[in-house]
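Following: one structure in structure tokens, then a few remarks.
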Ligand code: AP5
Ligand code: MG
């Protein structure tokens, strides 16, 4: 099954995509995680991506699409995948549609996680992430068992540079301008399901599972 998870910064895409990917036994592919890995490896792609991510802007479509399609060509994607943070522009959505159509494939379902702006800001300001497995935690709503340590890896959690209030503002503005039009794009194709992302994590997961049936 090929699933797209749409939602604003902080909507819970990473939190839910990890869980749903495990349930469906398909990889969770997050373009943000791929870029952050490239940044920490200090590659040319990482240097380029960092210059956009630090500003809260999108990495150019051409670079992003190339990286994503290369990831989708790996053997573990044959049975499907859950995409988190891609596509984010109409150009990216069209590039994905075209690449899939060339192989006689298509997106099976798009889930749009709806969360109010005030809640998004609350979530991003209290988020802590595992540098090893990328699991997001929240100091109030989703704390780890040991303070600031990942439950699975035991690694010290960190806060993302782009979760600073000024950068969050830009990320939200970019989302409303460039990514929101995708809701219509997938609704027109009859692929869109809306899920209230504001409920507690387990409830959101249950509703996502239902909407994937
Ligand atoms: P990316 O990493 O994709 O960031 P994002 O879209 O801004 O989304 P986030 O990861 O911030 O939020 P999330 O929805 O995953 O929320 P999470 O589950 O962590 O992209 C970063 C940057 O990379 C972009 O700005 C851009 O520069 C670049 N980039 C990436 N993809 C690109 C693309 N396709 N094209 C161009 N550029 C691209 O949850 C947030 C917090 O809330 C956590 O603390 C969590 O514990 C908590 N939480 C989650 N669910 C709940 C709940 N139900 N109740 C209470 N708390 C909850
Ligand atoms: Mg994320």
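Bear in mind that the values in this text are calculations on the coordinates, not laboratory data. Quick caveat, the model's predicted, so the values are computed rather than measured. For neighbour counting, all protein chains shown are included, and Cβ atoms are generated from backbone atoms with ideal geometry for every residue, glycine included.
P(r) of the stretch 1-153 in 10 Å steps, Cα pairs, percent per bin? Cα pair-distance distribution for the stretch 1-153, in percent: 10, 37, 39, 13, 1.
Over the Cα atoms of the stretch 71-176, the radius of gyration divided by the Kirkwood radius equals 1.04; this is the Rg/Rh ratio. Beta-bridge orientation, the stretch 2-211: approximately 25 percent antiparallel, per DSSP, counting only bridges with both partners inside. Only Cα pairs within less than 10 Å get springs; with that Gaussian network setup on the chain, which residue of 135, 64, 179 has the largest fluctuation? For the chain, modelled as a Gaussian network with Cα springs under 10 Å, the answer is 135. Extension gain, residue 62 to residue 140: 0.36 nm times the residue separation minus the Cα-Cα distance gives 24.3 nm.
Counting other Cβ atoms within 10 Å as a rough exposure proxy, the listed residues 53, 1, 67, 208 run 1, 67, 53, 208 from fewest neighbours to most. Would you mind checking the stretch 133-147 for residues with the amide N under 18 Å from a putative spin-label position 7 Å along Cα→C-beta of residue 116? 141, by backbone N distance to the label point.
Of the residues 12, 85, 126, which exhibits the maximal mean-square fluctuation in a Gaussian network model of the chain defined by a 10 Å Cα contact cut-off? Among 12, 85, 126, the largest mean-square fluctuation in the Gaussian network model of the chain belongs to 126.
Among 79, 19, which comes first, then next, by fewest other beta-carbon atoms within 10 Å? Don't skip to the answer; put the middle values down first.
Numbers: 79 12, 19 17.
In order of increasing Cβ crowding within 10 Å: 79, 19.
Computed extension gain for residue 48 through residue 22, at 0.36 nm per residue and net of the alpha carbon distance, reaches 6.2 nm.
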